[in-house]
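Working notes for the structure below.
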Amino acid sequence: MRRDGTPSFSAIVPSRRAAATCQMPPPARRRSLSAGGCPGKGAGPYARLRRRSDREPISPVTRLGYGAVVRSATAPEFKVRGGPRDRLGATVTGVNAAAVVFVIALAVYIRTLLPGVSFGDWADAQLIPARLGILHPTGYPLYLLLGKLFSGIPVGSVAYRANLLSAVAAAGVVAVTVLIARRLGVRPVIAIGAALSLAVTGTLWEEATFSEMNGLHLLLVALLLHRALVWRAERSDRDLVIGAFLGGLCASNHGLAITVVPLVILFVLVNARREIAAHPVVLVKAAGAFVLGLVPYVYLPLRAMAGPSDVYGQFLTWDGLFNLVSGAQFRGDMHFASIESLQAAWAALPQVIDNLVSRSNPIFLAIGLIGIAILLRRDLWFGLLLVVLGAVNVFIYANYLGNLSHYLLTTWLILAIGVAVAAEAVVGLAVRRIGLQAEVVQYAVLGLALALLISNWATNDQSSNHTGERFAAEVFAALPEDAVLLTYWDALTPLSYEHCIEGVRPDVSLRAFDERSVVPCDPIEGSLNEIARRRPVYALLVQDGSLAELTHMTPVPVATIRLPWGRRYPDIDRNLYRLLPEDASP
């Protein structure tokens, strides 16, 4: 019991031992709940908790702990006891705390935001939404449409606006983390500290400063987890429908949704089995909401129909569209359905741990894991959900390339929740053993966030990073008038952005080495040999050892340029070649 007379974390989320001695009746038979969570024991803070579908009048909310709330028909008005610090902590609601964290995180992200164009997929995410094209597989239609909205914001370049979308999404993740922690009975200060610690971990911070859909994916995952907690507390059909809609949106944004959404749905269905049995129509409503969340996918065939057919015609067939949204071209790198895949996941654990520690610190990881263990004891349903999501997340990371750090974003969110739960448990224990003065311990979580901010700032500060613009300027400067450049994905995307969006070198034409790429805004038809008879043709490739065999032309080196290869910066020196027709002499 805290000094304001409200229950602590252990009262909000009872232990398995307490749950075993107090079996809750079905909602329809539920009459009153005491502070310990047992029916018929008096009118405590849980008095007369009923389903929203009973359509009874709802009185003002009762605050549990330092701001967590449940709806109550007879709850006494929440009053704060203690000094000014206690009144401040108790009046900071979950929404207010989330708003504060959102502003702080967004300020950090904007201050360290990449100012211009990047390379590869990141540059594609800057170019395509602004032009309302079609992104690389799996299409990411929700991100694309939001990117188009952000491209109209009158600030900075189009590339900067795309980066800003990532910053806003990542700041949203941090804010929702606060809401999740508050639903678990965590004090506002601890919730804020844990969320800010997540904000300045290396992976989320990196995703916040570059344009891509990963931050938006994690935001939707966090919203889905929060809505599951809201459902459990309020038992409202509305929350099932909202959760289903969020699940559809998550699937519309990123293929990784398949590793999250079905699991959350399964856990919620198990928890809601009595309500669904009593009102099965809610499943129909939820299914409709899920389908509504998938509506952004309609954009893809509509855009393909708008043409031009030589660029988007491949998506006008069911096979072509399915190959896009399913990421068919990457299936060779996916190894999920074998015993070896389980062994690979286990073998990858040291690498995963090293990744987590190197992008945060050992304290964050240790506290996060301890918090998940505590949550498993006190809230088996939600704790087990997080454990399963984390295990699946690591499995997918290990068995798809094994070096994509952003594939561990869900694990980072889970660890941040664990940090909040562990810190709350420690503070609660200290208060019970030492006294109210021990509450000052909660501010140590803010110290963890500050330590991570300081240690990760230099690595993630992209505000002076103009590598993409310098790369494009160097390449275009090496090309003569009316040139045609054959190049590969990582270089093609920033060059296409500068050429198509910023209007650099309108006389030049870009051609993708991979014919499946749909980036260039002015595709040029015909064989390279035919084009080379009327225009100068150049090639810039990382794998240029067999250039003559691939193009059936004579390559002549003219310059050396540093190129990117799967990274956010160039680090490989290669030649820029002039390609001459086979019958022409150098």
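Bear in mind these aren't lab numbers, they're just calculated from the coordinates by the rules spelled out. None of the values given here were measured: they were computed from a predicted structure. So basically every Cβ, Gly included, is an ideal-geometry build from the backbone, and we count neighbours across all protein chains shown.
Considered as a group, the residues in segment 537-559 that are among the small types (Gly, Ala, Ser) and not in a loop (DSSP other than H, G, I, E, B) include one that is surrounded by the fewest Cβ atoms within 10 Å (Cβ to Cβ), and that residue is ALA548.
Considering segment 457-468, and only residues there that are buried (at least 20 other Cβ atoms within 10 Å of the Cβ) and within 20 Å of the chain's Cα centre (by Cα), the residue that is nearest to GLU207 (Cα to Cα) turns out to be ASN460.
Answer with yes or no whether ALA233 is surrounded by fewer than 18 Cβ atoms within 10 Å (Cβ to Cβ), in contact with a strand residue (DSSP E or B) (Cβ under 8 Å, 6 or more places away or on another chain) and part of a helix (DSSP H, G or I). Against the criterion (surrounded by fewer than 18 Cβ atoms within 10 Å (Cβ to Cβ), in contact with a strand residue (DSSP E or B) (Cβ under 8 Å, 6 or more places away or on another chain) and part of a helix (DSSP H, G or I)), ALA233 qualifies.
Among the candidates PRO536, PRO523, which residue alone is under 21 Å from GLY320 (Cα atoms) and in contact with a strand residue (DSSP E or B) (Cβ under 9 Å, 6 or more places away or on another chain)? Only one candidate passes the filter, namely PRO523. The number of residues in segment 399-433 being part of a helix (DSSP H, G or I) and either of a type in the set (Gly, Ala, Ser) or closer than 26 Å to MET213 by Cα (or both) comes to 22. Report whether or not ARG562 is assigned to a loop (DSSP other than H, G, I, E, B), out of contact with any helix residue (DSSP H, G or I) (no Cβ under 6 Å at 6 or more places or on another chain) and touching a residue at least 12 places away in the same chain (Cβ under 8 Å). Taking the combined requirement at face value, the residue does not satisfy it. For segment 364-377, taking the residues that are of a type outside the set (A, V, I, L, M) and buried (at least 23 other Cβ atoms within 10 Å of the Cβ), the one that is nearest to ALA444 (Cα to Cα) is identified as PHE364. Just the residues that are touching a helix residue (DSSP H, G or I) at 6+ places or on another chain (Cβ under 8 Å), small (Gly, Ala, Ser) and in a loop (DSSP other than H, G, I, E, B), please, taken from segment 509-536. Residue satisfying the conditions is SER517 alone. Counting only helices (runs of 4 or more DSSP H) that sit completely within segment 256-351, those holding 1 or more residues that are in contact with a Pro (Cβ under 9 Å, 6 or more places away or on another chain) and surrounded by fewer than 16 Cβ atoms within 10 Å (Cβ to Cβ) correspond to 273-278, 309-312, 318-326. Examine segment 128-136 for a residue that is within 17 Å of the chain's Cα centre (by Cα) and buried (at least 21 other Cβ atoms within 10 Å of the Cβ), and state whether such a residue exists. Looking for residues that are within 17 Å of the chain's Cα centre (by Cα) and buried (at least 21 other Cβ atoms within 10 Å of the Cβ), one finds none in segment 128-136, hence no. Residues that are assigned to a helix (DSSP H, G or I) and among the aromatic types (Phe, Trp, Tyr) were ranked within segment 465-508; the one that is farthest from ARG161 (Cα to Cα) is PHE476.
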